[in-house]
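Q: Sharing a structure here in C-alpha cells format.
None of the figures in this text is laboratory data; all of them are computed from the coordinates on show. Keep in mind that this is a model prediction, so the values were computed, not measured. Backbone-built Cβ (ideal geometry, glycine too); neighbour counts: all protein chains shown.
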C-alpha cells in the first residue's frame, strides 16, 4: 500500500494498515519535504515521494490511501484508478457533485474498489444505533438531531459543513438507509473568511423523518452527539461518554384520559428506565482499514462505497446552495 498525504491523518493510516496481517505500507507521498522527513523518521521502511504520480510510477501498489485536501481528491483518485490501484479516500470524496459522480462511475466501470473514509460508519456506537433502528427498538423513527462542535481545528479548504456535517450526513443516511430529498441550511463566516465557520442544516428524508445538524468550529465545548427519537423509545449516542456511547431511554408520549371529561384525551409523557448497553469498542480507523482490506478480496466496498459518498456530496452541495439563498429549501439531486 501507499499513503498519499502525510498531514493530520496520513500517519494514522500508515500505523493502522501496517498493523494488519498481510499488509505492508511501502510508500508515502506528500508535497511538503518536512512531512516526508517525518514519515522517514517514524516509519523506517517506507519510501518517500514528493508526488503521488512518482509513487505510482515507482512502486507496484495494490492500493492507496488518499489523505490530501478535498479539492485534490478527484485527480488523485483518477490517476490511481488509471494505474489499476484500489483507493481508500478521506471524506468527502470530492468537492463537486460532477467529480463525485465521475469517480463513482469510474469505480463501477473499472471493477476497482473505491471506499470513502466516512469513518463514523465504522464506529461501534453508530453500528449499535443502526442495529437498534433495524430491530425496531425505537418503534417508528420520528426525527434525528446531531451536534458536532469544538473550538477548531479550522480548515482552509472547505467550510464547517463540508468538514463536520459530512460526518453526520453520512451517519444519518446510514442509519435510515436513505438520502434526504430536501435540505435547508444557514451558516455564517464569523472569522472574516468566505468559508462558513458555523452551520445549521435541516434534512428531510423520503419517509418524512426530519434530521437537524449543528456544526461549529467556534464552540467552547467539544460535542459529538446524535439523538434518535422514536414512537416507543429514544436513544442518545455520545462518542465522548466515558460510560458507554449508547443510552436507551424507555420514554415516549401516550394518550391519556382526562378525568374531568370522560370523553376527552390528552397527551402525556411516559417515563421509563435508561439502559446503557455494552458496546465493544475498537478504533474506527482500524475497523475501516480492516474492512477495506477485506473489500479488496470481495470486490465490494461495502457501506461506504463511491456511490454512497456521492450521496453525501449531493447533500453538501444542496446545503451550500441553501446557505447562499438565505436558508431556502433546496432539492437534493436524485
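Q: Rounded to whole Å, give me the distance from the Cα center of the range 53-69 to that of the range 181-241.
A: 35
Q: Cα gyration tensor of the range 227-334, axes a ≥ b ≥ c as square roots of the eigenvalues: rounded (a/c below 1.5), prolate (a/b > b/c) or oblate?
A: Oblate.
Q: Once the Cα atoms of helix 33-42 and of the chain are each reduced to a long axis, what angle between those two axes, in degrees from 0 to 90 to the nearest 10, is obtained?
A: 80
Q: Sticking with this one: Given points 7 Å out from each Cα along the Cα-Cβ axis, report the residue 45 to residue 282 separation in nanometres with one decimal.
A: 2.3
Q: Hey, rough spin-label estimate for residue 20 and residue 188, points 7 angstrom out along Cα→Cβ, what's it come to in nanometres?
A: 4.4
Q: Please give the helix 97-110 orientation as an angle from the longest Cα principal axis of the chain, in degrees from 0 to 90, rounded to the nearest 10.
A: 60
Q: Between residue 137 and residue 12, what is the spin-label point distance in nm, taking each point 7 Å from the Cα along the Cα→C-beta axis?
A: 2.5
Q: Let me ask something additional. For the chain, what proportion of DSSP beta bridges, expressed in % and rounded to the nearest 5, is antiparallel?
A: Values: 43 of 67 bridges.
Within the chain, antiparallel bridges account for around 65 percent of the total.
Q: Could you work out how much longer the chain between residue 105 and residue 274 gets when fully extended? Use 0.36 nm per residue separation minus the Cα distance between them, nm to one decimal. Could the numbers behind the result be given before it?
A: Numbers: separation 169, 0.36 × 169 = 60.84 nm, distance 4.55 nm.
Result for the pair: 56.3 nm of gain on full extension.
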